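One structure below.
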Amino acid sequence: MNPVQASKGAAIDLESISKAYGGFKALDGVSLRIEPGEFMTLLGPSGSGKTTTLNVIAGFTDVTSGKLLVGEKSVVGVPAHKRNIGVVFQHYALFPHMSVGRNVAYPLTLRGIDQATRQARVARALDMVKMGDFAHRYPSELSGGQQQRVALARAIVFDPPLLLMDEPLGALDKKLREWLQLEIKRIHRELGTTFVYVTHDQEEALVLSDRIAVFNRGRIEQVGTGRQLYDEPATLFVGRFIGDSTVLRGQARSDGNSTALSIAGETVTAPRRLAGEASPVMLLRPEKLSLCRPGQNAANGANRLSGTIAEAIYLGSESKYEVKLADGSGAIVRSALTGESFGLGDKVELCFDGTDAKLLADDSTADTTLT
Amino acid sequence: MSASDPIAQPAADARPGRAWRPFALTAPAIILLIAVIGYPLLTIVLRSLSEPEWGLQNYAWFFGAPVNLTVLQRTFTISAWVTLVCVIAAYPYAYLMTAVGPRVRLVLVLCVLIPFWVSGVVRTLSWVILLQDSGVINSLLRSAGFSGVKLIRTQTGVVIGMAQVLLPFMILPLYSVMQGIDLRLMRAAQSLGARPSRAFFTVYLPLSLPGVYAGAIIVFILSLGFYITPALLGGPRSTMLSTLVQTQVLSLLQWGRGGAMGVVLLVTTFVLLALAAPVMRSRHREAGRR
């Protein structure tokens, strides 16, 4: 409540949090440490537990087991209204019977702050989201983007050490979303508050976050920076969820320090092997793959797989190809327009360097979760 | 309600030649209203001024007799009590209807509607059995060791009976408004630091007021004209205006006086509603509701 202490965010510790609804485990032993002032995104498909985690932190949902610390203090059992945490909802949740100014003043009124201070802080919060001229309007007179900015002002006006955002841009169109992402980033920098952001949009997560926690089936699959998740996915699910990827499956044979996959009669190798018993698959990023005509020498890679162009998409600065491989699976390749271009139905060879292939345990369930 | 919103109006000027069509469709209703409301009302006003001869003698008689003014005031007092009782009883009930699953809601709706389908006379007579000195309520009180209470032929008895008959008119508009209130707003209020009770009084209650007002107006106005329930449950000290009208018209054949009482009641009601209107007008637009 003191504006001076507010410049620092609170740390959050989730320690093996579980939440069961009857037999269904919405959260299954989630542990996560969020540093003070960090922008942490909880990313995952719907039903993966990311929103449940947010509701647990906000105090809307109680946990079945586990520990939750906000600012190093346990808040298990503390009701939502005593947690002093700002929340921004996907559906804005502005009070329709109050003007914008009264909406933003609401948390200050509840805290018994005198009117002069209240007005100054409401004005400051509205200025921060660039809605200073709208204090006398009613929510129904605002567009979705404007309403969400007012909701953001209302959630930060009482200087909470932690701000939670539940898919706040989910209902907005792409242009507005991209602009508001930058606004949210700027506000995070200016406030120094800890932000926890829930989204199912991996691009949004990459734009905004210091770190991302990838959720799947009530568990965290991996926590890391966007680059870590993209370059070094810990699981096949993470690799497929973040960015485009091609997954190669085949008859696996491991010897010494390398792994070979035989796919419809052709063999590709990677100079690594997977620990454990799980059957390995290879995950390749589109920019690590290249295309060439059959028989032609490729720029990179000892590995070659023959295929056919199934889809060619012109993206302005580059082209994106979908290649159908001999075993029927698909591969995604991105290539700069300066290179050779291919048409639908062209016979091609897909080339890559074995060191660029990530070996991951096959989690065949990942396919069904993604769609 | 949204019809008063100019934005909600369809672009009527887009097809100027067809602007009369909506009116053509409402013509049967308008003709019916004129025939069964407009014409009789006009007759009442004319009779109050013309029987037995032209002049204001009927109004002079009404305002000259203190008993008439007492009854008029009592009519409004009883109606106000009935409205209050209905609001207090209906509010939690209507809220419950929004909070439960569809199956329980159906049961709750039926509990409201089934008595509604039973004739008011029958329900009032059953209240006589419940409320009378040797009735169910008093025997229960006595067997519990309390002394009995006088309910039948008192104002309290009239209020209880009328409130029960009129309760559906309060529950249904309240329910329809409450159904539209986004309960997630309560969560938002709590995240901003509001205790559940505070969230209710600052968010839910203000948003439900349009339903309270709509129900209250219907119940209050219906109460003003109630005849059977006060006649059966009330005593001489709880006579309402409708009983006086009935006496003047049917027993004494004083159509002029009856008409004058009707006009006085109508005008007073309009004045009260006009006074209440500014309070009920809310600044936020209808569009703010989901």
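The values are calculated or read from the model by the stated rules, or taken from the named source; none is laboratory data. Note that this is a predicted model, so its numbers are computed, not measured. Here Cβ is always computed from backbone atoms with ideal geometry, including for glycine, and neighbour counts include all displayed protein chains.
Observations
- The criterion of at least 1 residues that are aliphatic (A, V, I, L, M) and surrounded by fewer than 11 Cβ atoms within 10 Å (Cβ to Cβ) is met by the following helices (runs of 4 or more DSSP H) wholly inside the range B:26-112: B:66-99.
- Yes/no for B:Arg142 being modelled with pLDDT under 95, part of a helix (DSSP H, G or I) and closer than 30 Å to A:Leu54 by Cα: no
- Residue ID - surrounded by the most Cβ atoms within 10 Å (Cβ to Cβ), chosen from residues in the range A:125-141 that are away from every other protein chain (no Cβ under 12 Å) and not in a loop (DSSP other than H, G, I, E, B): A:Ala125
- If you go through the range A:59-103 and keep only what is of a type in the set (D, E, K, R), closer than 19 Å to A:Ala153 by Cα and assigned to a loop (DSSP other than H, G, I, E, B), you end up with just A:Arg83.
Every residue, every condition in (1) more than 10 Å from every other protein chain (Cβ to nearest Cβ); (2) touching a helix residue (DSSP H, G or I) at 6+ places or on another chain (Cβ under 6 Å); (3) of a type in the set (Lys, Arg), yes or no:
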position: B:Arg184; (1), (2), (3): no, no, yes
position: B:Gly193; (1), (2), (3): no, yes, no
position: B:Phe200; (1), (2), (3): yes, no, no
position: B:Tyr213; (1), (2), (3): yes, yes, no
position: B:Gly234; (1), (2), (3): yes, yes, no
position: B:Leu252; (1), (2), (3): yes, no, no
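- In the range A:337-352, the count of residues that are modelled with pLDDT of 85 or more, closer than 23 Å to A:Phe237 by Cβ and of a type outside the set (S, T, N, Q) is one or more.
Residue by residue, here is whether (1) of a type in the set (Asp, Glu); (2) buried (at least 19 other Cβ atoms within 10 Å of the Cβ); (3) within 14 Å of the chain's Cα centre (by Cα); (4) on the phi < 0 side of the Ramachandran plot holds:
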| position | (1), (2), (3), (4) |
| --- | --- |
| B:Phe200 | no, no, no, yes |
| B:Leu209 | no, no, no, yes |
| B:Val212 | no, yes, yes, yes |
| B:Leu222 | no, no, yes, yes |
| B:Gly225 | no, no, yes, yes |
| B:Pro236 | no, no, no, yes |
| B:Leu250 | no, no, no, yes |
| B:Ala260 | no, yes, no, yes |
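- Qualifying position, being touching a Lys or Arg at 6+ places or on another chain (Cβ under 7 Å) and closer than 17 Å to A:Tyr197 by Cβ, among A:Leu162, A:Leu180, A:Leu169: A:Leu169
- Check on A:Val214, hydrophobic (A, V, I, L, M, F, W, C), in contact with an Asp or Glu (Cβ under 7 Å, 6 or more places away or on another chain) and assigned to a strand (DSSP E or B): yes
- Among (1) within 12 Å of chain B (Cβ to nearest Cβ); (2) at pLDDT 95 or above - the single one A:Thr61 does not satisfy: (2)
- Check on A:Arg240, buried (at least 19 other Cβ atoms within 10 Å of the Cβ), charged (D, E, K, R) and farther than 18 Å from A:Gly354 by Cβ: yes
- Checked against (1) within 18 Å of A:Gly250 (Cβ to Cβ); (2) small (Gly, Ala, Ser); (3) surrounded by 15 or more Cβ atoms within 10 Å (Cβ to Cβ), A:Ala312 meets all criteria but (1).
- Among the residues making up the range B:116-154, those that are crowded, with 19+ Cβ neighbours inside 10 Å and polar (S, T, N, Q) are B:Thr124, B:Asn138.
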